[in-house]
Structures are given as structure tokens and as C-alpha cells.
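Quick notes on the structure that follows.
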Amino acid sequence: MVDHTTVLIAGAGPAGLVLANLLRAQGIDTLVVERATREQVQTRARAGFLGPNSARVLTEHGLGAGMLHKGWSHGVCAFRGEDGEFELDYSRLGTGEVHTVYPQQDLVTDLVAEYLARGGDIRFGATITGVDPHTATVRYRDERGEGVATGRFLAGCDGSNGVTRHAVPARRLRQDHGVSWLAVLVGAPQSMAAVTYAVHDDGFAGHMARSPEVTRYYLQVPPGDEPGRWPDDRIWAALDDRLRTGAFGQLKRGPVLERRIVRLRSEVGETFQHDRLFLAGDAASLISPSAAKGANLAILEAEVLATAFTAALRGDERPLAAYSRTCLPRVWRAQEFSRWMIDLLHPHGDDFQRALRRARLHSLRDCRAHQNFFAEHYVGI
Ligand code: RFL
């Protein structure tokens, strides 16, 4: 049996679900094909910081109720290093905008519920195994066996481990930043009011809120390290050292809920489209989490793509033809800033490079123009 729809969407992450919701709001038929179960996508903890542009997309399109109700504003971050700590109140710098802290899994939960309420069709537990960009068709496998779905357009929103991006024959530019993080979720409230970035000779450590009960910590670890080598005691000892809790106050401890290794990698397709297939989110461009941009790019691309599909279905193909050109400059600016953050926060390189990094931190502490640059790129793009 073949399922027919107008816009077929691979993947139910932020990109696929925002796109699906925006299209449904225009009365356009959609089908989302997702490998994981509903329970799995709604409990996958990843991002938490939404920029003002993402918050705008969500609120303007009636998708922001949960975020507005349970999320909170965040406008200060702190840097700790050998010369002490300084805070940047980015709500008063640059464009004066702030982040909204709202866990990605809560956003995904809201987006699934709203999509179903808008009459959307979604197939959970269906793994796409084949993609044809010329006919906008996918083959998938689920518990009932093999299936085929086809649309007028196909949106590849199946993330960095999906299959649709392999169907775009264009070159992809890749970068392994040579840095790995142990990403830890702790069942305890945040310990500091601000996101805190610690620069330490043993490696970077980060602290950021996720919800009133859950805090995200990052620890730089050697490339190739494994989560099993990081029992709770070792995690807390490294966090205490690198976050210099002796000088700045103890961390609120709680159970370690999740620990995983994240390799800081980037990958950008030269184009996001091939025939009737259009990529969005991590499938189009993967970005390291160093500046918390991935989910934000996914949401913004979904909005651009929804507008372009809607225009094309009404007879104007120009926005769709310009889709990659519209998105790529923003993607590269986000990549550039994420790389800038990696360079700032990680102690690799020789003594000369360490001294440069320290000077950059001093400049960020003391120079208003530098602070404005940081603030604008940190929340924006
Ligand atoms: P997703 O969220 O990965 O969703 C893709 C979906 O496609 C499904 N899929 C398939 N479905 C069918 N058939 C197949 N063959 C399939 N293969 C895959 C998957 O099951 C999944 O449901 O991609 P999307 O929508 O592009 O969204 C991207 C974001 O999830 C990602 O960029 C962010 O999580 C990155 N990120 C952060 N971004 C931010 O903006 N702010 C942050 O604070 C932030 N923190 C993070 C992060 C990513 C992290 N990790 C895990 C790398 C923190 C971490 C630790």
C-alpha cells in the first residue's frame, strides 16, 4: 500500500514538527514518518536554550503556549578562569535580547500534541530505509512490515543520523573540532543563576539550567573517551575542580540522570535541496552544541521551508528555488560563532595559544565592543 500526501516529512524532531504544524495551519496535507516511538521522541533530552527568533516563530504560529507557561527568560552568562569570574548581562548588551530556557523534549511534546490537534498524520516507529528525491517517495519499515509513502514534496528532517541527506548528491563540508564533551544531566536545581562557562587547564566545564529540577553540565573529555569511565564521583570531582567551587560555592548535587559523549562536529551541505527533496535542521547542517544553535537553526529553517512550500503549492516556486540560498548565510554565521566559542573555551594548543585565549577572555571582560559582539551572536543570528 502506498500513502499519498502533499508534503511528506521524514523525522519528528523540532525541524519536522514545526514544519508539519505550519503546513497544517495552511490546510496542507502532511505525513510525518518517524523512526522512534512517541514516548522516545518526547523524552529525548537535548537542547534547552531558545533564541528570540525561535521564540517568535513558536508564538507567532500558535506553538508557544508551553514555552510561555513553563519556560523562563535567561539573560546573563558567566565565565570562570584563572583570573576569577565575570558576568555578562547580555540582556543589556548587543540587541538586548534574551534566551528562553525550555527543554527540547517538552517542546517536542507540545509540537506533537498540537500537530495531532491540527489533524496531522504521523507514523511513529517507522524507519525510513530508502529515499527517492525525484518522486518525493520514501520506503519505510515498521512493525507491520514494509511501507511506501509519497508526496508532492519531501522534507528531510531526520537529523544528523538520518538517511535523507545521503540522497542529495552535493558536497558536504565537514569539520571535526577535535573536542569531546561528557554531557551530563543531573536531577538537581541549577547551582548558579547564570549559564557558567569555566576555562581550566584540565578542560572546559559548563553549567546550564534545563528546568527547576534538572541541570545540564558539560565536561571536556579526551577524544574517544567513554561514559562508563565517568562514575558519579569522578564527574563531581572534575566539576568541583574546573568550576572552582572552593572559591565560588558548592554545586547542588543530585542523581546523575544521563551521561553521554558528544563529539563536537560540524557538517554543512553545499545545497539543501535536490529535485523534490528539501533538507532542514541537523539533516541540512550539523553544528556543535558549543553555542546552542542547532535547535534554533532547525526551527528557523522549518519556517522558511513552510513558507516556500506554501507558496509553491499556490503556484509560486521562487521561494522554494531560493531555499538553500536563503538559509546558508545564517547557517555559516552560526557555524562561525560556534567555532569562536570552541576556541574561547577549550585549552588545546601550545602555551602561546593559551595566552591568546586568556587575552580574549580579558577582552571579553573589559571591552564593550567585544561584549556587544558576543551578546548579539550568542542570542541571535
Ligand atoms: P532531530 O531532533 O535529531 O530529529 C530528527 C528525527 O528524525 C528521526 N529519524 C528517522 N526517522 C525515520 N527514519 C529514519 N531513518 C530516521 N533517522 C532519524 C529521529 O528519530 C529524530 O526524531 O533533528 P532536528 O529536528 O533537525 O533538530 C535538531 C536538534 O535536535 C539539535 O540541533 C539540537 O538538539 C542541538 N543541541 C542544542 N541546540 C540548541 O539550539 N540549543 C541547545 O541548548 C542545544 N543543546 C544540542 C544540545 C544537542 C546535543 N546533543 C545530543 C548533540 C545539547 C546536546 C547534548
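In summary, Thr150 fulfils each of the numbered conditions (1) away from the ligand (no atom under 15 Å from the Cβ); (2) over 24 Å from the mean Cα position of the chain (by Cα); (3) within 27 Å of Phe278 (Cβ to Cβ); (4) open to solvent by 40 Å² or more (accessible area, probe 1.4 Å) with the single exception of condition (4).
Taking first residues from the stretch 143-163 that are free of Cβ contacts under 8 Å to residues at least 24 places away in the same chain and partners that are in a loop (DSSP other than H, G, I, E, B), the Cβ contacts under 9 Å between residues at least 6 apart in sequence or on separate chains come to Glu143/Gly125; Glu143/Ala126. Only one of the listed residues (Ala306, Ala311, Ala295) is in a helix (DSSP H, G or I) and farther than 30 Å from Thr135 by Cβ. That residue is Ala295.
When the stretch 187-215 is limited to residues that are open to solvent by 10 Å² or more (accessible area, probe 1.4 Å) and near the ligand (Cβ under 10 Å from one of its atoms), the one that is modelled with the highest pLDDT turns out to be Met208.
Of all residues in the stretch 258-283, those being open to solvent by less than 30 Å² (accessible area, probe 1.4 Å) and within 8 Å of the ligand (Cβ to nearest atom) number 3.
Pairing residues of the stretch 310-332 that are more than 22 Å from Arg24 (Cα to Cα) and open to solvent by 30 Å² or more (accessible area, probe 1.4 Å) with residues that are among the aliphatic types (A, V, I, L, M) and part of a loop (DSSP other than H, G, I, E, B), at Cβ distances under 6 Å and at least 6 apart in sequence or on separate chains, gives Arg330/Ile381.
Total residues in the stretch 160-186 satisfying the condition of being closer than 22 Å to Leu320 by Cβ and buried (at least 23 other Cβ atoms within 10 Å of the Cβ): the figure is 3. Within the stretch 227-253, being surrounded by 13 or more Cβ atoms within 10 Å (Cβ to Cβ) and at positive phi holds for one residue alone: Arg244.
Just so you know, in the stretch 77-104 the residues that are under 30 Å from Val41 (Cα atoms) and open to solvent by less than 40 Å² (accessible area, probe 1.4 Å) include one that is farthest from the ligand (Cβ to nearest atom), and it is Cys77. With hydroxyl-bearing (Ser, Thr, Tyr) and in contact with a Leu (Cβ under 8 Å, 6 or more places away or on another chain) as the only criterion, which of Thr150, Thr135, Thr95 stands out? One residue alone meets the criteria, Thr150. Among the residues of the stretch 7-48, those that are in contact with a Phe, Trp or Tyr (Cβ under 8 Å, 6 or more places away or on another chain), more than 10 Å from the ligand (Cβ to nearest atom), open to solvent by less than 10 Å² (accessible area, probe 1.4 Å) and over 22 Å from Thr59 (Cβ atoms) comprise Val7, Leu8.
Restricting Val179, Val184, Val138 to those that are within 9 Å of the ligand (Cβ to nearest atom), in a strand (DSSP E or B) and within 26 Å of the chain's Cα centre (by Cα) reduces the list to Val138.
The values are calculated or read from the model by the stated rules, or taken from the named source; none is laboratory data. Just so it is clear, the structure is predicted and the values come from calculations on it, not from any experiment. All Cβ positions, even for glycine, are placed from backbone atoms using ideal geometry, and neighbour counts span all protein chains on display. Protein only, heavy atoms only, side chains kept; ligands, DNA and RNA dropped before computing areas. Shrake-Rupley method; radii C 1.70, N 1.55, O 1.52, S 1.80 Å.
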